[in-house]
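Undergrad: Below you'll find the structure I mean.
The values are calculated or read from the model by the stated rules, or taken from the named source; none is laboratory data. Everything quoted here is computed from the prediction, not taken from an experiment. Using ideal geometry, Cβ is built from the backbone for each residue, glycine included, and neighbour counts are taken over all protein chains shown. For the accessible areas, the whole protein counts, side chains as well, though only heavy atoms, and no ligand, DNA or RNA atoms are used. Shrake-Rupley method; radii C 1.70, N 1.55, O 1.52, S 1.80 Å.
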Amino acid sequence: MYVPQGKQPATMTKAMRRLAAHDDQTHRSTTSDGIDIGAVVAEIGAHAAKLGFAGEDQPRAYFPSHTGYLSPDDSAMDTVPPAKNNKHTPRKEYKFDLGHNDERLEVHNPLSGGLINDWDMVEQIWQHANKTALSVDFAHTPLLLIERAFAPPKLRHEYVELMFEKFQSPALFMAKDSVLSCFACGKTTGLVVDIGAETSTVAPVQDGWLEAKGLVRSRLGGRMVDRYLLSLLEKNGVVVQPFLRQPPAVGGSRKGGGGEGMSASFREYATLEVVRGLKESVCRMPEVAFSLTDPKFSAAPKVNYELPDGVMVAAGIERFRAAEIYMCPEPAWECLPGAEGEEGGEEGGKEEEWSREALPKMVADAVLKCERDQLSPLLNSIVLAGGGACVEGTMERLKSEVETAIYGEGQGGYGRVKVIQAGAQERKICAWLGGSIVASLGSFHEMWVSKAEYAERGAGVIDAKCP
């Protein structure tokens, strides 16, 4: 991975100011309106797709990765053997506005286990982002593609083929999300703890390179907190309705507003989105290990939250209990789809490759897999990133628990562990911000993989130029 030259920026804002001096050396393109822009930086995560231009401090397009689809003729599609289900078969109709009920609408995510497994949907996400926000000619626009730290070569090759063959991009580069999160926080060396929607990753980064031997990943993520919080609410008799903005305009037999007549996948998505809003408003990470009998939790005042359908929920002990699963995940594993977790397909890897430990233990496991002389630099720069890390109090609790996991009970507090994080909104787009910074540096133009190189060497060229 490319390492920015010179002194590292102290903050992302300062880093952005330094980009203008390099603009004349970078790949440039123009929008349909003739506005000069830089490369497109794209990250498609399990929760949201983020696409925008290099040098900007936020993506132009930010929308849910979950996409609705309508099959034009489900019965016909089902009877056609896969070998004959070719380009002449009617394609699904994709819907990105999930605020309206339609009993035919199924909701799907193009990622499984943090990795892409539906390339047709990814293509639709790119086209939707370009239509609604980017307005560029991809044939004249270089692309920085952000990938997961544990993405296998097969997926990288498929992504490269899609962008060169379908979108005709003149040049692209693939960068690891963990490395870019480090750059976004002004670091080239650090231990990145990325808490995403469906997965969490602890990745050591040394001088701008991912230390793959220390990589630890888990299915512990923000969606798992949502599911666990929902189960706690239901045990307390709270019924969370999947609330939509309005019922459909046509189709008198289709009911709306409260989610009646919804498909199972649509209902699950809409319900968990309501719970996510509750979580982001009231949940807090306990300062110490959670206990049902501890009066500081049992006697804590309740916080009122109004659900979209007008129902008032008084969130009490469950707002601490849900966040605690990052530090003690055992009670929540049963909330994963399939109870014990899913294999995640061929790309997702075998189940034993996924950690079932708490975040502090994952951090300890990651640093202890690295060389001994890397221990201090990594623990002094633990970078907290990802939307799942936005629960208030996570940084302070993680620091305390990591000190205990590494040095033992009562031996921390000597400045040997330092956790840094961006603001809550920047944390959600940390990797994208790092990509925006890197792709705008003048010296980065040497790193692009050109279409000519792809034509000569095939998709495998990405492994040589973007290790």
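Undergrad: Give segment 88-120 a look and list any residue that's assigned to a loop (DSSP other than H, G, I, E, B), in contact with a Phe, Trp or Tyr (Cβ under 9 Å, 6 or more places away or on another chain) and not aromatic (F, W, Y), or say none.
TA: The answer is K92, L98, N101, D102, E103, L105, N109, P110, G113, G114.
Undergrad: Another one. Which residues, taken from segment 296-314, are within 28 Å of A270 (Cα to Cα), hydrophobic (A, V, I, L, M, F, W, C) and open to solvent by less than 70 Å² (accessible area, probe 1.4 Å)?
TA: Step one: of segment 296-314, the residues within 28 Å of A270 (Cα to Cα) are 302-314.
Those still in the list that are hydrophobic (A, V, I, L, M, F, W, C) too: 303, 307, 311-314.
Within segment 296-314, V303, L307, V311, V313, A314 meet the criteria.
Undergrad: Please find, within segment 192-223, the residue that is most open to solvent (accessible area, probe 1.4 Å) out of those that are part of a loop (DSSP other than H, G, I, E, B) and more than 21 Å from C335 (Cβ to Cβ).
TA: Residue satisfying both the conditions and the ranking: D207.
Undergrad: Can you tell me which residue is nearest to the chain's Cα centre (by Cα) among those in segment 167-191 that are closer than 20 Å to E446 by Cβ and open to solvent by 10 Å² or more (accessible area, probe 1.4 Å)?
TA: Initial filter on segment 167-191 (closer than 20 Å to E446 by Cβ): 169-176, 179-180, 183, 188.
Then drop every residue that is not open to solvent by 10 Å² or more (accessible area, probe 1.4 Å), which leaves 170, 176, 188.
Numbers: P170: 27, K176: 12, T188: 21 Å.
Per the stated criteria, the residue is K176.
Undergrad: May I pose another question? Considering only segment 121-137, state which residues are in a helix (DSSP H, G or I), over 13 Å from F53 (Cβ atoms) and not basic (K, R).
TA: M121, V122, E123, Q124, I125, W126, Q127, H128, T132
Undergrad: Report, by residue number, each residue of segment 177-191 that is assigned to a helix (DSSP H, G or I), among the aliphatic types (A, V, I, L, M) and touching a helix residue (DSSP H, G or I) at 6+ places or on another chain (Cβ under 7 Å).
TA: Scanning segment 177-191 gives L180, A184.
Undergrad: Looking only at residues in segment 224-244 that are part of a helix (DSSP H, G or I) and free of Cβ contacts under 8 Å to residues at least 12 places away in the same chain, which one is least open to solvent (accessible area, probe 1.4 Å)?
TA: E234
Undergrad: Another one. Identify, by number, the condition in (1) farther than 22 Å from V192 by Cα; (2) open to solvent by less than 50 Å² (accessible area, probe 1.4 Å); (3) not in a helix (DSSP H, G or I) that E409 doesn't meet.
TA: In the conditions (1) farther than 22 Å from V192 by Cα; (2) open to solvent by less than 50 Å² (accessible area, probe 1.4 Å); (3) not in a helix (DSSP H, G or I), E409 misses (2) alone.
Undergrad: Now for a separate question. Just to check your reading of the model, which residue among V383, V417, V367, V363 is in contact with a helix residue (DSSP H, G or I) (Cβ under 6 Å, 6 or more places away or on another chain), assigned to a loop (DSSP other than H, G, I, E, B), surrounded by 21 or more Cβ atoms within 10 Å (Cβ to Cβ) and among the β-branched types (V, I, T)?
TA: Going through V383, V417, V367, V363 in turn, the sole match is V417.
Undergrad: Which residue is surrounded by the fewest Cβ atoms within 10 Å (Cβ to Cβ), if the candidates are limited to segment 40-57 and must be assigned to a loop (DSSP other than H, G, I, E, B) and of a type in the set (A, V, I, L, M)?
TA: A46
Undergrad: Then there's this: Residues R319, R284, R276: which one is within 20 Å of the chain's Cα centre (by Cα), modelled with pLDDT of 90 or more, surrounded by 16 or more Cβ atoms within 10 Å (Cβ to Cβ) and among the basic types (K, R)?
TA: Checking each option against the conditions leaves just R276.
Undergrad: Does F164 satisfy the condition of being open to solvent by less than 20 Å² (accessible area, probe 1.4 Å), modelled with pLDDT of 95 or more and farther than 30 Å from V402 by Cβ?
TA: yes
Yes or no, residue by residue, for (1) touching a strand residue (DSSP E or B) at 6+ places or on another chain (Cβ under 7 Å); (2) modelled with pLDDT of 95 or more:
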{"position": "L230", "(1), (2)": "no, yes"}
{"position": "V239", "(1), (2)": "no, no"}
{"position": "G252", "(1), (2)": "no, no"}
{"position": "G256", "(1), (2)": "yes, no"}
{"position": "R267", "(1), (2)": "no, no"}
{"position": "T293", "(1), (2)": "no, no"}
